[in-house]
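Below is one structure, written out as structure tokens; comments come after it.
Since every read-out is calculated from the coordinates, none of them should be taken as a lab result. For clarity, every value in this text was computed on a predicted model and none was experimentally measured. All Cβ positions, glycine included, derive from the backbone under ideal geometry; neighbour counts span all protein chains shown.
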Amino acid sequence: MSLYYRWKNFEEDEDRPEKPRRFGVTEMRGPNHTLLTQSVLQDIFESMGQFVDGLKFSGGSHSLMPKSFLKQVIDMAHQHNVYVSTGDWAEHLIRKGPSAFKDYVEECKQMGFDTIELNVTSLDVPEDTLLRYVRLIKSGGLKAKPQFAVKFNKSDIPIGGDRAFGAYVPPPPRSTELVEDVDLLIRRAERCLEAGADMIMIDADDLCKHADSVRADVIAKVIGRLGLEKTMFDASNARASEWFVKQYGPKVNLFVDHSQVMDLECLRGCNLGKNHNSVLGSSYFLF
């Protein structure tokens, strides 16, 4: 990497770390909402590969692709020192029986995946089972990345039984009938890290769509407990990425769409990214 490229937000002599990076990680969305051909991915890797740390096949999209094509994409990513992660697909396998998840881990390893993501909300399994999945992934020689989400809607809260982890209610004048239980989400994430998880993905969708200063406190609480290096945020829009970098600096780990990679790197490096305040209404993302 060119020696002149530095993180001006930090000390003047601090260079952008070389890959593999422990912080300032940019994970890019692979084929999901839009079709990314091999040629498009090749162009991205050749032009911006030094700024892309990971490629994730979101939403189980890898399950729809021919294995030969999938293997070619994974090999291409590895040639550019880009790790490859599954999306939230494991939850569709547990209904096949106890051995299905172990077989899934082995298949992912054979295909060349580096990381398996576990969508904790979709899995809907007891904590002991979740931790067992994390250990199975690690014992298979892959990295584990549990994904948690903070939920705000009443429909997300169970009518009876245990409180829903991740449920959060802002103070008045908003309704206070829901249960605040972000601490439970963080405790479960901490146990996943203790079991060997390499990174915790936080789905920030609800945080970014209706965010205010209170929910910025939620993000601060998550980072304060789990650590910036062990936390990655799903920044679903460009303005969210801008806020995270401005609030926590270039060392924050973010999952973004492929169209945001260059803009994000400009924000990380010299704060040259677009001013997204002029693109979206000011009430959309106010912290």
Quick one: net charge of GLU91's neighbours, Cβ under 12 Å, K/R +1, D/E -1? -1
Beyond 23 Å (Cα-Cα) in this structure, taken from LYS102/LYS251; LYS71/LYS109; LYS56/LYS145; LYS109/LYS251; LYS67/LYS251; LYS138/LYS221, we find LYS102/LYS251; LYS109/LYS251; LYS67/LYS251; LYS138/LYS221
Work out, step by step, the length gained on full extension between LEU184 and GLU18: first 0.36 nm times the residue separation, then minus their alpha carbon distance; give nm to one decimal. 56.2 nm
Can you tally the net charge around SER122? Count Lys and Arg as +1, Asp and Glu as -1, for every other residue whose Cβ sits under 10 Å from the Cβ of SER122. -3
Two pseudo-spin positions, 7 Å from Cα along C-beta at VAL40 and at LYS102, lie apart in nanometres by 3.9
